[in-house]
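Asks: Submitted below is the structure of interest, expressed as structure tokens.
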Amino acid sequence: LEEISKMKEKNSAVELFKILISEQVQIYRRTNVVKSEKYSEIIQQAMNKYLNGMLTNEQVIEELLNLAKQIAAANAEGDKLGLTADELAFYDALTKPQAIKDFYENEELIAITKELADTLRKNRTIDWQKRDSAHAKMRMMIKKLLKNYRYPPDGMDDEVQTVMTQCELWTDNNDLDEEHNYKIV
């Protein structure tokens, strides 16, 4: 990325940056709903400013380089918390609203995350999304687990949907992994 930022043809560098970062966001689109939304929004805002003449080539390259650094830091975040990449995606879903951290200690959020991931691993079924009974069972297990931890706090009921979306995304992609015998990296 540093080499690209030093290219003489700045328009080409911008396009190349956009492609590389967009590819990373595509990976998140299949694995982490919260980060996917966040990074897509940042790219879109930077490119809109660039296309509207509000940013120079150098400025948009700098913004995209900063985003690349944020993505790299986010990849290391799971290690700091002691979470796998899958678990970090659940953690991100649980903590999407910053206000959640006002209600829970980080250790509690990590415990919820690990139990959620473990519950899904133990109870997933192939093609769960095509079978209404399996889908309903999964949703009930997730809601029961969250209720045991009194998640979400009063007034944040819509946050359960973010967690459910992440669980469904995880289950869909892990079904795909089993069917095709490969892991999404």
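The values are calculated or read from the model by the stated rules, or taken from the named source; none is laboratory data. Keep in mind that this is a model prediction, so the values were computed, not measured. For neighbour counting, all protein chains shown are included, and Cβ atoms are generated from backbone atoms with ideal geometry for every residue, glycine included.
Asks: Pick from segment 58-87 the residues that are of a type in the set (A, V, I, L, M, F, W, C) and under 21 Å from L16 (Cβ atoms): which of them is surrounded by the most Cβ atoms within 10 Å (Cβ to Cβ)? Break it down stepwise before answering.
Replies: The initial filter retains those residues of segment 58-87 that are of a type in the set (A, V, I, L, M, F, W, C), namely 60-61, 64-65, 67-68, 71-74, 76, 81, 83, 85.
This time we only want the ones that are under 21 Å from L16 (Cβ atoms), so: 60-61, 64-65, 67-68, 71-72.
On the way: V60: 21, I61: 24, L64: 26, L65: 16, L67: 19, A68: 19, I71: 18, A72: 11.
Only one residue fits best here, namely L64.
Asks: For segment 136-185, which residues satisfy the criterion of being in a helix (DSSP H, G or I), modelled with pLDDT under 75 and in contact with a Ser or Thr (Cβ under 7 Å, 6 or more places away or on another chain)?
Replies: The one that is in a helix (DSSP H, G or I), modelled with pLDDT under 75 and in contact with a Ser or Thr (Cβ under 7 Å, 6 or more places away or on another chain): N173.
Asks: Given E9, E2, E115, which one is at pLDDT 85 or above and charged (D, E, K, R)? Step through it out loud before you land on a result.
Replies: Numbers: E9 fails: at pLDDT 85 or above; E2 fails: at pLDDT 85 or above.
Unique residue meeting the criteria: E115.
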